[in-house]
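This report refers to the structure that appears directly beneath it.
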Amino acid sequence: MSTATSTARSSDILRSQRAYFATGATRPLEFRLEQLKKLKQAIQDHETDIVQAARDDLGRPEFEAYFEMGILDELNYVIKHLKGWVKPKKASVPLSQLPGSAWVQSEPLGAVLIIGPWNYPFQLVISPLLGAIAAGNCALIKPSELAPNTSRVVAQLIGEIFDPNYVAVVEGGVETAQALLQLKFDHIFFTGGTRVGQIVMEAAAKHLTPVTLELGGKSPCIVDTDVDIKTTAKRILWGKFLNAGQTCVAPDYLLVHEEIKVPLLEALKTTLQESYGENPAESPDLARVINERQFDRLAGYLESASIYFGGDRDRSQGYIAPTLLEPVTWDDPVMQEEIFGPILPVLPYGDLGEAIAAINARPKPLAIYLFSRNKQIQQRILAETSSGGVCINEVFMHIAIWEMPFGGVGQSGIGAYHGKTSFDTFSHQKSVLKKPFLLDINWRYAPYAGKLSLLKKAIMR
Ligand code: NAD
């Protein structure tokens, strides 16, 4: 589809969504709940298609492909709590404003755009959609073209249950995304890389459209000496090699206390052998790299690196064995950008202050992981670093707690979502003050003569 056709089609959809939104049909709580339940049913009905698409797009093991269905958990949470979220929140009114009442009520934004990435291609467009629906909006979704099977399933599923005037899917690649970005939406929710995030924000600025940018970056994982080594190794490796490392919150690299480096490397190696066998290429439990472009980028890191374990690869299969790199320096190519693949560099540190300084010298990451029983060290990491989120003695799992916002800070993102935060992201918090006509005390009206001392008394305290 040419850019002109794509723009015209998207523009038609947006116009009809605006008209539908203006009817007020999407606002009642009952309507929102009904749509969320419809979506839940459709996801359950399409379970096989969704899982198979993730397998076909990413060569995922069935177990990992099922992670896409994790969206049902969030859906249940939203359905359960939405009634409480939509209720106006009372605000207390100062004496000077009495008699009167004030409250904050959430209102939908209008027609929103959701642009998704390829790595969790179903979840990462449907999860923001829950928020958009819960908040009473219309939505247009553009899934990633690099996960074409999932893109098709999303289009089919949404097409079956929703009128495009309400929720629509536009499939396509960069040109389609750019055509969409020319239009004036009421919010743009983008998940993807930092570079494209900048393009999205620039396009949004033309219309003063607010954005949520869920980006990536290099999330460090610090390992102190006071740990259970075996469990530490298992948790880190699971978070890193799940989906072949193509996870925004995967630990990007390890910062390991030099005293524990050797035993940790041994434990990592043994755990990798236990998880994926002697020849990971034959393991049914290892996903593949999405495409040749990504494969070549990742293989490039390996060419000049010191491989401690792994390193095997096969371009025709998108296969890269889970790989540990050691020794590594901050100047190595692998340390210059988000890895987003099954390669784990290991760097030592002697003093925690040095490790913290190294993290703080770089863009703020989406997550920081710390393995340590030492409470002082835990406190230092929380107090002296900044990141979208933190896990202590865990990786990744903080994103599946629906009462916590998920998002980045600095270069790892703008805004957040999940659970109630998604509802807030897709709502405007409208402040309302209501007064009766009674008791209209004259203190603020001209002529002001004789009233200044009263004003001073009230405000100069
Ligand atoms: P990407 O930025 O290349 O693509 C994301 C979307 O943007 C796709 O739908 C694509 O069609 C569109 N796009 C690509 N180039 C564009 C352009 N020039 N103009 C307009 N639109 C364009 O990201 P990706 O490769 O799909 O995903 C990987 C990145 O996403 C990683 O950096 C990862 O960390 C990040 N990510 C972040 C999260 C999060 O929740 N924070 C989740 C998953 C992935």
If you find the alpha carbon centre of the range 249-269 and of the range 128-177, how far apart are they in angstrom?
40 Å
Run the simple label-point estimate for Val432 and Glu34 please: 7 Å along Cα→C-beta, distance reported in nm.
2.3 nm
Around Gly388, which amide H atoms from residues at least 5 apart in sequence, or from another chain, sit under 5 Å from its own amide H, with H modelled in the peptide plane?
Leu366, Ala367, Val409
Taking the alpha-carbon centroid of each part, what is the distance from the range 90-114 to the range 367-435 in angstrom?
25 Å
Using the per-residue mean of other Cβ atoms lying within 10 Å as a proxy for protection, in what order, highest first, do the peptides 305-311, 94-100, 232-238 fall?
232-238, 305-311, 94-100
Tilt, helix 29-45 to longest principal axis of the chain (alpha-carbon atoms), in degrees rounded to tens, equals 20 degrees
With every protein chain in place, the chain: carbon and sulfur % of accessible area (1.4 Å):
55 percent
Tilt, helix 71-86 to longest principal axis of the chain (alpha-carbon atoms), in degrees rounded to tens, equals 20 degrees
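Can you work out the accessible area per residue across the range 1-148, with the rest of the protein chains kept in place, probe 1.4 Å, in square angstrom?
So the range 1-148 comes to 41 Å² accessible per residue, rounded to a whole number.
For Gln336 and Ala155, what does the FRET efficiency come to when R0 = 35 Å and r is the distance between their Cβ atoms, rounded to the nearest 0.05? Provide the component values of the computation, followed by the final result.
Numbers: r = 36 Å, r/R0 = 1.04.
My answer for the efficiency is 0.45.
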Helix 3-22 axis, angle to the chain major axis (alpha carbon atoms, nearest 10°)
40 degrees
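Add -39500 (n - 2.57) for each DSSP H run of 4 or more in the chain, then divide by its residues: what number comes out at 222 nm, to the nearest 500 deg cm²/dmol?
-13000 deg cm²/dmol
Starting from 0.36 nm per residue, how many nanometres of slack lie between Gln379 and Lys234 once their C-alpha separation is accounted for?
That pair, Gln379 and Lys234, stretches by 49.8 nm at full extension.
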Along the Cα-to-C-beta direction of Ala42, a point sits 7 Å from the Cα; which residues of the range 141-160 have their amide N less than 18 Å from that point?
141-144, 149-160
Ranked highest first by average number of other Cβ atoms within 10 Å, how do 384-392, 329-337 line up?
384-392, 329-337
Enumerate the calculated ³J(HN,Hα) couplings along the range 303-314 in order (Karplus 6.51 cos²θ - 1.76 cosθ + 1.60, θ = phi - 60°), each rounded to whole Hz, writing x wherever the residue is Gly or Pro.
4, 9, 9, 8, 8, 7, 7, x, x, 5, 7, 8
Subtracting the Cα-Cα distance from 0.36 nm times the residue separation, let me have the gained length for Thr23 to Tyr448 in nm, one decimal.
148.4 nm
Ordering of 371-383, 51-63, 104-116 by packing [mean C-beta count within 10 Å, highest first]
104-116, 51-63, 371-383
Hey, with R₀ at 41 Å, roughly what FRET efficiency would Arg195 and Lys90 work out to, going by the Cβ-Cβ distance, to 0.05?
0.40
Mind listing the long-range amide H neighbours of Ile222? Cut-off is under 5 Å, sequence gap 5 or more, other chains count too, H placed in the peptide plane at 1.01 Å from N.
Leu255, Tyr369, Leu370, Phe371
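Could you calculate the contour length gain from Ala358 to Glu303, that is, 0.36 nm times the residue separation minus the distance between their Cα atoms, to one decimal place in nm? All intermediate terms of the calculation are to be shown ahead of the outcome.
On the way: separation 55, 0.36 × 55 = 19.80 nm, distance 2.49 nm.
Contour length minus the Cα-Cα distance gives 17.3 nm.
The values are calculated or read from the model by the stated rules, or taken from the named source; none is laboratory data. What you are looking at is a predicted structure, and each value in this text was computed from that prediction instead of being measured. We place every Cβ from the backbone using ideal geometry, glycine too, and count neighbours over all the protein chains shown. For the accessible areas, the whole protein counts, side chains as well, though only heavy atoms, and no ligand, DNA or RNA atoms are used. Shrake-Rupley method; radii C 1.70, N 1.55, O 1.52, S 1.80 Å.
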